[in-house]
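Q: Have a look at the structure that comes next, please.
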Amino acid sequence: FIYGSLAGGFYAETILEGTLFSGTIFAVMLTLVNTLTRVLSYMLTNVENPKTITEYNGALIKKLTLFKFMTGFGLLYYSAFLEEQINGSCGSSSCAQKTADLLRGTFIGMIVINNLLEIGLPSLLLAYSKCMAYLSGSEEDELSEIEAQFHSADHGGTLDEYD
């Protein structure tokens, strides 16, 4: 997963050198790879079988941090420090400018993607559930505020807040 993200980022950086789109494409790939590594982190932590919830959370956080660091900063590290030594030059622009463009595109892409996932996805799911309820013919009475909170989506915990 991690190497796929880095290889895709290298490819996007090579094709779209010096543009904002290379960082945006890397942000999309980073989101997908982070989702896959999140599943992998949970699977590896479950295989470890820690004795307490505290040990489980600690092991999970270590894995998530390691994977996110490797996927998120691998391409930036390569662009800033290794590309000139490996290829002999950074292309038409300086390595610092290339890294800045990549970083700028990645930040903008991640902001847009995260906002779409946090705002757009729940809105779409709510509209879908209302549409399905309407099509099934089960008209529900107006719910009170407390009943609406009870039927709302489960938060799941605070670990997801750090993504």
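Q: Kindly report, to the nearest 10 Å², the accessible surface of R104 as traced by a 1.4 Å probe over protein heavy atoms only.
A: 110
Q: With 13 Å as the cut-off, how large is the P(r) tail for region 75-142, expressed as percent of Cα-Cα pairs?
A: 73
Q: If you don't mind, another one. According to the square roots a ≥ b ≥ c of the eigenvalues of the Cα gyration tensor, what is the shape class of region 25-96, taking rounded for a/c under 1.5, prolate for a/b larger than b/c otherwise, and oblate for the remainder?
A: Prolate, since a/c reaches 1.5 and a/b exceeds b/c.
Q: Of the accessible area of region 76-136, with the probe set at 1.4 angstrom, what percent is carbon plus sulfur?
A: 69
Q: In terms of the Cα gyration tensor, with a ≥ b ≥ c the square roots of its eigenvalues, is region 29-147 rounded because a/c is under 1.5, prolate because a/b exceeds b/c, or oblate?
A: Oblate is the answer for region 29-147, as a/c is 1.5 or above yet b/c matches or exceeds a/b.
The values are calculated or read from the model by the stated rules, or taken from the named source; none is laboratory data. If you're wondering where the values come from, they're calculated on a predicted model, not measured in any experiment. Quick note on the areas: whole protein, heavy atoms, side chains included, nothing else; ligands and nucleic acids left out. Shrake-Rupley method; radii C 1.70, N 1.55, O 1.52, S 1.80 Å.
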